[in-house]
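The values are calculated or read from the model by the stated rules, or taken from the named source; none is laboratory data. Nothing here was measured: the structure is a model prediction, and the numbers come from that model. Methodologically, a virtual Cβ is constructed for each residue, glycine included, from the backbone with ideal geometry; neighbour enumeration extends over all protein chains shown. For the accessible areas, the whole protein counts, side chains as well, though only heavy atoms, and no ligand, DNA or RNA atoms are used. Shrake-Rupley method; radii C 1.70, N 1.55, O 1.52, S 1.80 Å.
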Amino acid sequence: MANIQVAFLLSLLMALTFCCLTFAVDPASLQDFCVADSNNQVKLNGFACKNPTWVQANDFSFSGLHNPGNTGNPFGSAITPVTVAQIPALNTLGISLVRIDYAPWGVVVPHYHPRATEIITVVEGSLEVGFVTSNPDNRLISKTLRKGDVFVFPIGLVHFQRNVGHMNAVTISGLNSQNPGVITIGNAVFGSKPDISNDILAKAFQVDKNIVNQIQGKF
């Protein structure tokens with residue numbers, strides 16, 4: 001009897017392990033592609049599929065990534081995304097691309113991607129990059145990259161880039177989401193609509209409310 005109980009428990013444990021492993025990954029695609037139909041009003045986690053017979057080569061392509069972005073802004077950087085919004089065929093494929101241009105000392109301000117890990121490679125110039133680990137350590141992991149160097153920003157962690165050279169810089173990033181999203185820390189905290197109460201922000205940052213009001217005014 002004891003042996004039967006042990007065998008049952010082992011079988012149950014194996015079944016639970018298999019179940020957990022089964023649901024730990026995304027399901028395999030059931031079709032060749034699912035080109036996004038942006039006109040479809042059906043709400044999905046992604047986009048409804050266009051009729052395959054209507055699909056054209058243009059649904060799978062994007063032109064213009066060779067063109068420099070306009071860095072004439074206060075941050076000195078320009079982002080050219082290639083997500084499902086630019087290539088409908090990225091729908092359900094779990095990847096996207098970004099070109100970033102940097103003026104000398106231009107920055108991509110601290111931000112994070114809620115749905116993607118980012119791998120970045122320097123095409124031209126030199127770049128300081130870094131990310132901050134989660135609480136309670138909040139450790140800064142940073143490095144200066146040169147042309148051809150590659151760096152990874154783990155999903156959900158705050159990170160930044162800065163051109164540390166006297167020439168323009170260019171990077172290309174790959175992200176493992178068709179729509180990785182971006183949350184810029186300054187905009188989220190000080191530029192929310194409606195504003196987060198200045199009482200809360202003053203206590204969070206241990207500063208006077210007037211300072212919070214001044215920062216919120218810039219957003």
Checklist entry - Going through the stretch 91-102 one residue at a time, which ones are open to solvent by 20 Å² or more (accessible area, probe 1.4 Å) and more than 14 Å from the chain's Cα centre (by Cα)? => result 92, 93
Next on the checklist: Looking for something under 21 Å from the mean Cα position of the chain (by Cα), hydrophobic (A, V, I, L, M, F, W, C) and farther than 20 Å from residue 78 by Cβ - is there at least one such residue anywhere in the stretch 195-212?
Outcome noted: no
Checklist outcome for this item: Of (1) modelled with pLDDT of 95 or more; (2) closer than 26 Å to residue 68 by Cβ; (3) not small (Gly, Ala, Ser), residue 166 fails just (1)
Item to check | Unique match (being farther than 30 Å from residue 37 by Cα, in contact with a Ser or Thr (Cβ under 8 Å, 6 or more places away or on another chain) and crowded, with 20+ Cβ neighbours inside 10 Å) among 108, 123, 164 | outcome: 108
Checklist entry - Which condition number does residue 81 fail, the rest of (1) in a loop (DSSP other than H, G, I, E, B); (2) surrounded by 16 or more Cβ atoms within 10 Å (Cβ to Cβ) being met? => result (1)
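For the stretch 195-212, enumerate the residues that are open to solvent by 70 Å² or more (accessible area, probe 1.4 Å) and not small (Gly, Ala, Ser).
Narrowing the stretch 195-212 to residues open to solvent by 70 Å² or more (accessible area, probe 1.4 Å): 195, 199-200, 203-206, 208-211.
Hits for the stretch 195-212 are 195, 199, 200, 203, 205, 206, 208, 209, 210, 211.
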Item to check | Number of the exception - residue 89 against (1) assigned to a loop (DSSP other than H, G, I, E, B); (2) over 24 Å from residue 146 (Cα atoms) | outcome: (1)
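For the stretch 116-134, which residues satisfy the criterion of being assigned to a strand (DSSP E or B) and touching a residue at least 40 places away in the same chain (Cβ under 8 Å)?
Kept after step one, since they are assigned to a strand (DSSP E or B), are these residues of the stretch 116-134: 118-124, 127-132.
Passing the criteria: 118, 119, 120, 121, 122, 123, 124, 127.
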Item to check | Enumeration of residues in the stretch 174-194 that are assigned to a loop (DSSP other than H, G, I, E, B) and open to solvent by 50 Å² or more (accessible area, probe 1.4 Å) | outcome: 176, 179, 182, 193, 194
Checklist entry - Taking interchain pairs and intrachain pairs at least six residues apart, which have beta carbon atoms under 8 angstrom, with the first residue in the stretch 162-187 and at positive phi and the second in a loop (DSSP other than H, G, I, E, B)? => result 181/113; 181/114; 181/115; 181/116
Checklist entry - Of these, 200, 211, 215, which one is part of a helix (DSSP H, G or I), touching a Gly at 6+ places or on another chain (Cβ under 9 Å) and not polar (S, T, N, Q)? => result 215
Checklist outcome for this item: Being open to solvent by 40 Å² or more (accessible area, probe 1.4 Å) and either modelled with pLDDT under 95 or closer than 27 Å to residue 64 by Cβ (or both) narrows 132, 152 down to just 152
Next on the checklist: Which condition from (1) buried (at least 20 other Cβ atoms within 10 Å of the Cβ); (2) without any contact (Cβ under 8 Å) to a residue 40 or more places away in the chain is the one that residue 138 breaks?
Outcome noted: (1)
Checklist entry - If you go through the stretch 111-120, how many residues are touching a Gly at 6+ places or on another chain (Cβ under 8 Å) and open to solvent by 30 Å² or more (accessible area, probe 1.4 Å)? => result 4
